[in-house]
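Data first, discussion second: the structure below is written as structure tokens.
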Amino acid sequence: MQTPELSPYWMPFTANRQYKSQPRLLERAKDMHYYDQSGRAVLDGTAGLWCCNAGHNRSAITQAIQSQADTLDYAPSFQMGHPLAFEAAKRLVDMAPDNLTHAFFANSGSEAVDSAMKIALAYHAVNGQPQRTRFIGRHGGYHGVGFGGISVGGLVNNRRQFGHGLSGVDHLPSLKDPKLAFTKGQSNEGADKADHLIELIGLHGADTIAAVIVEPVQGSAGVIVPPEGYLQRLREHCDAHGILLILDEVITGFGRLGAPFAAQRFDVRADLITCAKGLTSGTVPMGAVLVDQKVHDTMVNGAPEGQIELFHGYTYSGHPLAAASAIATLELYQHENLFDRARELEGYWESALHSLRELDDGIVDIRNLGLMGAVEFEPSGGTRAYRIFENAFFEQDLLVRASGDFIVMSPPLILTKADIDQIVTRLGKAIQACR
Ligand code: PMP
């Protein structure tokens, strides 16, 4: 291999010079572990990038992909089909909340988000309200890297590098609250923060707003868990004002919170759900938008017979390899009851994670829900969390993620209590090594 510092590979979301001076390369993976070039096993505390929910290189999935590659490599996705895309949509919708009756395929979370935003606009236009073009996101929200996603997203770095994005976008305030530090799971205070939506409605006029988009639990912002009742209250405000609610479940989908989707865990109705990652357990890129029956039917019935209802799609929407993987992955989740397993392990995960609190005065918060967790450190411009991540990888054989001043975790749902003990012990050692 070419020495990394000379490599032409411009890595995404990476400090390339820093990385290339001390590269971390993963060569193989199986179940809960990655293996580097020397054969060293690294325990995966993050399911790759929140995506390998079934664990790594599961033969039921990899064989389905291999056999599909030998059967049909590609079929045009516009005005043509192949059976697996239909089958994958059916399986996906079967595990989704009842009101979500259709699936639109994309190839990533970012594409799913932009697709959902376009569906929201197109729906209102067909429904006689073409002036509903505004979107409301939330501070700290991450919705991928398309121009739609970065506009509704709440990260200042996007605005610094790429400008103001779409016009007509506003944001709800963050749910992060230092008063709630070390809350286990959901807090029972703060549902009224959803009422900020009323202020934004007052400012912009309800009939200009197409949709509100939020991550049910903010992942990239450091596992920010909504207070009990918050999402239901957002829903009520949306209903009262004809606004669609988009739940971005790219991370929370597929069992991360112990149910197929967070919408089910929190018992809140979404008009559109975006998903990706766990849909194929990270094996083949695929994203999807799950669409409410009324939204779908309004659009399909609103177009004259023979006309395209949604002027949108990707060359690789419902790609045969991705569809084969999705079918096998969803089957595996069900066969191994992995979502129930996540729910059963949640209490153990929570106690183990919160035991880290005693370890170090520099820990200012620990947050968790389902099999998601974050440990937050005193502000250091992210340097301490990054050192902990590096120490965990090189010295403790553990993969976690550093983002800002916190470490986030989202292990594969196949993990055991012994794996949880290992993750927490090793992370504790890395924290102590990097004071
Ligand atoms: N939405 C959310 C909530 C995400 O966490 C992510 C990725 N982490 C995305 C969208 C974008 O997904 P992708 O990187 O597949 O485009």
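Among the residues of region 282-294, those that are within 30 Å of residue 241 (Cα to Cα) and crowded, with 24+ Cβ neighbours inside 10 Å comprise 287, 288, 289, 290, 291.
Given the conditions (1) within 17 Å of residue 101 (Cα to Cα); (2) within 16 Å of the ligand (Cβ to nearest atom); (3) not in a helix (DSSP H, G or I), which single one is not true for residue 285? Only one criterion is unmet by residue 285, namely (1). Cβ separations smaller than 8 Å between residues 6+ apart or across chains give no pair from region 80-102 residues that are in the same structural domain as residue 287 (by TED's automatic domain parsing) and over 18 Å from residue 325 (Cβ atoms) to residues that are among the charged types (D, E, K, R) and modelled with pLDDT under 95.
It is to be established whether one or more residues within region 403-423 are at pLDDT below 95 and in a loop (DSSP other than H, G, I, E, B). Within region 403-423, one or more residues are at pLDDT below 95 and in a loop (DSSP other than H, G, I, E, B).
Within region 138-168, being part of a helix (DSSP H, G or I), surrounded by 13 or more Cβ atoms within 10 Å (Cβ to Cβ) and more than 11 Å from the ligand (Cβ to nearest atom) holds for 147, 151, 158, 159.
Has region 370-391 got any residue that is of a type in the set (Phe, Trp, Tyr), in contact (Cβ under 8 Å) with a residue 12 or more places away in the chain, in a helix (DSSP H, G or I) and not assigned by TED's automatic domain parsing to the domain that holds residue 221? Checked against the condition, which is being of a type in the set (Phe, Trp, Tyr), in contact (Cβ under 8 Å) with a residue 12 or more places away in the chain, in a helix (DSSP H, G or I) and not assigned by TED's automatic domain parsing to the domain that holds residue 221, region 370-391 yields at least one hit. In summary, residue 339 fulfils each of the numbered conditions (1) surrounded by fewer than 22 Cβ atoms within 10 Å (Cβ to Cβ); (2) more than 22 Å from residue 152 (Cβ to Cβ); (3) away from the ligand (no atom under 16 Å from the Cβ) with the single exception of condition (1). Among the residues of region 392-402, those identified as outside any helix (DSSP H, G or I) and touching a residue at least 40 places away in the same chain (Cβ under 8 Å) are 397, 398, 399, 400, 401.
The values are calculated or read from the model by the stated rules, or taken from the named source; none is laboratory data. These numbers come from a predicted model, not from an experiment. Reconstructed Cβ throughout: ideal geometry from the backbone, glycine too, with neighbour counts over all protein chains shown.
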